[in-house]
Structures are given as structure tokens and as C-alpha cells.
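S.K.: What follows is a structure written as C-alpha cells; I'll ask about it next.
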Amino acid sequence: MWKRIAVLALVLILAILVFRHSGSFLVVNTPEHAELIVVLAGGNNDLRYWNGVQLLHAGWAPRLMLDVFAKGITYGNNDIDLARDFVSRTTPGQSTVCPLVINSTYGEARHIEDCLRGTGVKSILVVTSDYHTRRAAEILRKRLPHYHISIYAAPDPYYFSWKWWQTREWAKTTLSEWQRYIWWELVDRWRSDVVVKSN
């Protein structure tokens, strides 16, 4: 009987540890100097962009590319037009906009490849929200194997903290990202449509 209690106690302790660290597991922050900073679409895109700009000004890469959903409309204005105007004012001559049609990180890889075709870029520093970094890094490295990809975790304190149990928003974000990460591991990872670089 005591053995069963000890085993149950050990399982409970392990479950608590796993549960407690489920937020921090999602975060990967391994930035490296690169030829281009790519700011992924989604999440708090404005926050992601300004983190990318800070890296640009700090010399992590000489240029920046902002991914934007092509069909997005904000207050009657096309998001692509707004983004192009915005980057031309905030980082003139240093940034471009990459239009996206597919609203997923998995699909975004294809659009990144399209936008980089012919540029000669081989190394990318990807900027995304901290909770999205592990999944984004794995997806992009799998789908774009011909690029050297590093990743920067942009803090997004309204939506996420590794202490996810402390607020409703943090808990929602953590659960949602875990659902997407599990889908990536069980389904998308095994698909064969890896993006192939064209000459």
C-alpha cells in the first residue's frame, strides 16, 4: 500500500512540475546575427514589429521584412497599404512588406520563400511573440531547410507569461498555443510539402 501511495505522490509531483513549466517550454530565445530580420504576422503584430526594429537598430541584421495578411482590412484601409506606409516612415529604405494569403505559421513559410526568392538571403532572424517561438522555429526550420534560422522571443506581457496560471489571458494563450503545438507535432510535421527553393 505504501508503495502505491509513493508512486501516486511521485506521479502527482511530476504532473505538477510539467504543468507548472508548460508555459516556459513554449519559449525559445536564440537570436543570431543574420542577413535579414523577418517579423512574423499574427499575435500582437505591432509589438513584434517594434522588437524587430530594435534588433535592426542594434545591428543584428541590415534589413527587415514584415509579414502582413494581404486580405486584412483595418478601418476601411487595406493592411498591406497601411504596413507599407508605416515601414517607409519608421524604417525608410531598410524594410519591406511580405504579403500573406494563408493564415497559419505553416502556410507563412511558403510566402516567406516567395518574398525572399532572388534576394540571395541565406540567414534569417525571426521575430515573433515569445509563446509562439518554439512552434515557429520548428515549422520554419522544417519547411525552409535551405535557410539558417534563429529566433527572437518578443515579450507580450498582456497575453502571456510562463506563470500562465496567474491570469485568464495567460492561461488562454498557453492552452491555445499548446493545442497548435500538438497539432504541429502530430500532423503537420509529417506532411511532405516542404518548401523547395527555386533557382
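S.K.: Could you say which residue among Trp183, Trp165, Trp178 is out of contact with any helix residue (DSSP H, G or I) (no Cβ under 8 Å at 6 or more places or on another chain) and assigned to a helix (DSSP H, G or I)?
M.R.: Trp183
S.K.: The conditions are (1) more than 22 Å from Leu36 (Cβ to Cβ); (2) in contact with a His (Cβ under 9 Å, 6 or more places away or on another chain), and Arg168 fails exactly one of them. Which is it?
M.R.: (2)
S.K.: Which residue pairs have Cβ atoms closer than 7 Å, lie 6 or more positions apart in sequence or on different chains, and pair a first residue in the range 168-185 that is within 11 Å of Arg134 (Cβ to Cβ) with a second residue that is among the small types (Gly, Ala, Ser)?
M.R.: Listed by first residue and then by second, the contacts come to Trp178/Ser22.
S.K.: A further question follows. Yes or no: Ile37 in a strand (DSSP E or B) and either of a type in the set (A, V, I, L, M, F, W, C) or at pLDDT below 95 (or both)?
M.R.: The answer is yes for Ile37.
S.K.: Determine whether the range 106-126 contains at least one residue that is part of a strand (DSSP E or B) and either under 22 Å from Asp81 (Cβ atoms) or at pLDDT below 95 (or both).
M.R.: The answer is no, given that none of the residues of the range 106-126 is part of a strand (DSSP E or B) and either under 22 Å from Asp81 (Cβ atoms) or at pLDDT below 95 (or both).
The values are calculated or read from the model by the stated rules, or taken from the named source; none is laboratory data. Quick caveat: nothing in here was measured; it's all calculated off a predicted structure. Glycine gets a Cβ as well: all are built from the backbone with ideal geometry, and neighbour counts include every protein chain shown.
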